[in-house]
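Take a look at the structure set out below.
The values are calculated or read from the model by the stated rules, or taken from the named source; none is laboratory data. All values derive from a computational prediction rather than experimental measurement. No Cβ is skipped: glycine too gets one built from the backbone with ideal geometry, and neighbour counts run over all protein chains shown.
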């Protein structure tokens, strides 16, 4: 993906683990360029997995890394931080029993 987005620098933070996102909370968020980018990516994953009924989606570390690259490529100054945006918007599911995925 880095070669396709030649202008984007790879984010320096190595992502480990998985993210679990609440799709209902994400759908209720106001429209934004960031939300549209994420929703497009998630729609592709849901389509590939054949999982159209889920209330949550689990993303692997490679998915998160790809989203970091896409978010960085979205702005001309490469300042868009995907992980910070996710934390600010609060749609990530954080469960005690999920500690091994965080």
Subset of segment 60-89 (residues that are exposed (fewer than 15 other Cβ atoms within 10 Å of the Cβ), touching a helix residue (DSSP H, G or I) at 6+ places or on another chain (Cβ under 9 Å) and modelled with pLDDT of 90 or more): none
Pick from segment 26-45, criterion part of a helix (DSSP H, G or I) and farther than 16 Å from residue 59 by Cα, ranking: nearest to the chain's Cα centre (by Cα): 34
What's the total number of residues in segment 48-75 that are under 14 Å from residue 34 (Cα atoms), in a loop (DSSP other than H, G, I, E, B) and touching a residue at least 40 places away in the same chain (Cβ under 8 Å)? 0
